[in-house]
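This report refers to the structure that appears directly beneath it.
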Amino acid sequence: MSDDDFYQQLQEATSKPISDESLEAAQKALQESSNQTLVDSIKEIQQLVSDGNALDTRLLSAYHLIQKANLSSASKMNDLRDAYVKLLWDSRGIAGSAKGAADDFGGDMLDLIRMEDVSASDKILELESWKKLTLAKGQAAIDQPQQFQNFDTQLRAYADEAEQEIGDQQSEAKEQLEKFRAQIKDLDQQIESIVVNVVTPIVEFLKIGAGAFGSILTGSPLSAFTALLKAIASGVVELKRFEKELKEADEKRRELMAQRDAVQEQVRQLEVQQEKLGDASTVPPSLRSIADAIDDFSKRMTPFTNIFTQLINEANDIIGFLKNDTPLSDPIFSSKLDLVKGLVDVDSRILHIYSSAPTSND
């Protein structure tokens, strides 16, 4: 049988009414499988806790990279991370409220339904009243999927914004680096000019171009000027007439060297910033990946936390039995109540795990 044939035949089979005997058997089978349902659901809810916390850690890491790069949008990234933490905590609160609703329905309400001395009309009134209260409590759970979707949209928009800012800063830094390196080259040429036009003639005049002393003079302008000025101060007659020019050249050289050092420091800072921007450039694609994961997380979590809708549907089914004056001894009605009790207890235990779990960066 092909998949298409199977799907079509299954659709046809499930579109027909089910017999009372089969319905009762199915409900009992589902009730008996509740223990395995609990085990599987606990694994899933624990994974949800882990996944939700891991997403918070990833957002925090992204913020640190953005902050380290000193982007102007860093505060916006921090606000987004805070918004996600709030959504995460809100989901914990919703789960706690959902657990309360499940406990109330599986406890007092089902106990009331099973009471022989309470009329069906009174039970219906209690169920209708309970439904209104539960619907009000469950509004936050109904709204939360859209809130996660809104966050997803905001996160993706910020990824685009950060990517643009990083790209602009990298281009600007590249232009500045080229400008600074050109300045350094020009300063080096001016410093070299002083060496060539001032130091070299004197070295040649003193006939010390060879040997260790000559290497010091020609190898380092600072050493050259220091040595020459000391020689002048010591009373070398041949150098006395150069004293004023040497001091002026030395002052100019020191000024040029200071300028060069300042520009070189700017180059160093820009290179450091370029490295930080390189690290930050990994953030936008990471945020898009996080947005995908948050969307998946929200879709997996919603069936657990939005139990309010499920409980109201169960209440409506029970009201249907009561309106038909179905006796509690009816096997289908009885097995239905047993099934609901078993599943609600499973939901309560699962919701307790999620609602009491901390976030990873508390």
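Criterion first (hydroxyl-bearing (Ser, Thr, Tyr), in contact with a helix residue (DSSP H, G or I) (Cβ under 7 Å, 6 or more places away or on another chain), modelled with pLDDT under 90 and crowded, with 19+ Cβ neighbours inside 10 Å) does Thr305 satisfy it?
In short, yes.
Among Glu165, Glu172, Glu161, which is the only one that is of a type in the set (Asp, Glu), without any contact (Cβ under 8 Å) to a residue 40 or more places away in the chain and either in contact with a strand residue (DSSP E or B) (Cβ under 7 Å, 6 or more places away or on another chain) or open to solvent by 20 Å² or more (accessible area, probe 1.4 Å) (or both)?
Working: Glu165 fails: without any contact (Cβ under 8 Å) to a residue 40 or more places away in the chain; Glu161 fails: without any contact (Cβ under 8 Å) to a residue 40 or more places away in the chain.
Selected residue: Glu172, the only one of Glu165, Glu172, Glu161 that is of a type in the set (Asp, Glu), without any contact (Cβ under 8 Å) to a residue 40 or more places away in the chain and either in contact with a strand residue (DSSP E or B) (Cβ under 7 Å, 6 or more places away or on another chain) or open to solvent by 20 Å² or more (accessible area, probe 1.4 Å) (or both).
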Of the residues in the stretch 244-295, those that are among the hydrophobic types (A, V, I, L, M, F, W, C), under 30 Å from Ile66 (Cβ atoms) and out of contact with any helix residue (DSSP H, G or I) (no Cβ under 8 Å at 6 or more places or on another chain) come to Ala262, Val272
Item checked: Residue within the stretch 89-104 that is over 24 Å from the mean Cα position of the chain (by Cα), more than 18 Å from Ser289 (Cα to Cα) and basic (Lys, Arg) present -> yes
- For Arg156, are the conditions met, namely being open to solvent by 30 Å² or more (accessible area, probe 1.4 Å), touching a Lys or Arg at 6+ places or on another chain (Cβ under 8 Å) and at pLDDT 85 or above? yes
Might you check whether a residue that is modelled with pLDDT of 75 or more, among the polar types (S, T, N, Q) and open to solvent by 80 Å² or more (accessible area, probe 1.4 Å) occurs anywhere in the stretch 175-187? no
Taking the stretch 308-326 and keeping residues open to solvent by 10 Å² or more (accessible area, probe 1.4 Å) and touching a Phe, Trp or Tyr at 6+ places or on another chain (Cβ under 7 Å) leaves Phe321, Thr326
Expected output for the stretch 88-99 (first residue over 20 Å from Phe151 (Cα atoms), partner open to solvent by 50 Å² or more (accessible area, probe 1.4 Å), Cβ below 7 Å, 6+ apart or cross-chain) is Ser97/Lys137; Lys99/His352
Of the residues in the stretch 252-302, those that are of a type in the set (Lys, Arg), under 15 Å from Glu163 (Cα atoms) and at pLDDT 90 or above come to Arg288
Of the conditions (1) at pLDDT below 75; (2) open to solvent by 50 Å² or more (accessible area, probe 1.4 Å); (3) in contact with a helix residue (DSSP H, G or I) (Cβ under 6 Å, 6 or more places away or on another chain); (4) not acidic (Asp, Glu), the single one that Thr226 does not satisfy is (3)
Counting only residues that are in a helix (DSSP H, G or I) and surrounded by fewer than 16 Cβ atoms within 10 Å (Cβ to Cβ), the stretch 339-362 contains a total of 1
Across (1) touching a residue at least 60 places away in the same chain (Cβ under 8 Å); (2) assigned to a helix (DSSP H, G or I), Glu116 clears everything bar (2)
Of the residues in the stretch 131-146 that are touching a residue at least 12 places away in the same chain (Cβ under 8 Å) and open to solvent by 80 Å² or more (accessible area, probe 1.4 Å), the one that is nearest to the chain's Cα centre (by Cα) is Lys137
Per the filter on the stretch 23-67, residues within 34 Å of the chain's Cα centre (by Cα), at pLDDT below 90 and basic (Lys, Arg) are Lys43
Taking the stretch 64-75 and keeping only residues that are open to solvent by less than 20 Å² (accessible area, probe 1.4 Å) and either among the charged types (D, E, K, R) or assigned to a helix (DSSP H, G or I) (or both), one is left with Ile66, Ala74
Of the conditions (1) assigned to a helix (DSSP H, G or I); (2) open to solvent by 40 Å² or more (accessible area, probe 1.4 Å); (3) out of contact with any helix residue (DSSP H, G or I) (no Cβ under 7 Å at 6 or more places or on another chain); (4) under 12 Å from Arg114 (Cβ atoms), the single one that Ser329 does not satisfy is (1)
task = Evaluate the stretch 76-87: report whether one residue or more is within 20 Å of Leu277 (Cα to Cα), of a type in the set (S, T, N, Q) and open to solvent by 30 Å² or more (accessible area, probe 1.4 Å).
result = yes
Considering residues that are farther than 22 Å from Phe321 by Cα, buried (at least 16 other Cβ atoms within 10 Å of the Cβ) and not polar (S, T, N, Q), the number found within the stretch 97-129 is 2
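The values are calculated or read from the model by the stated rules, or taken from the named source; none is laboratory data. Values in this document were obtained by computation on a predicted structure and should not be read as measured data. Ideal geometry is used to build each Cβ from the backbone, glycine not excepted, and the neighbour counts take in all protein chains shown. Surface areas here come from the heavy atoms of the whole protein model, side chains and all, with no ligands, DNA or RNA. Shrake-Rupley method; radii C 1.70, N 1.55, O 1.52, S 1.80 Å.
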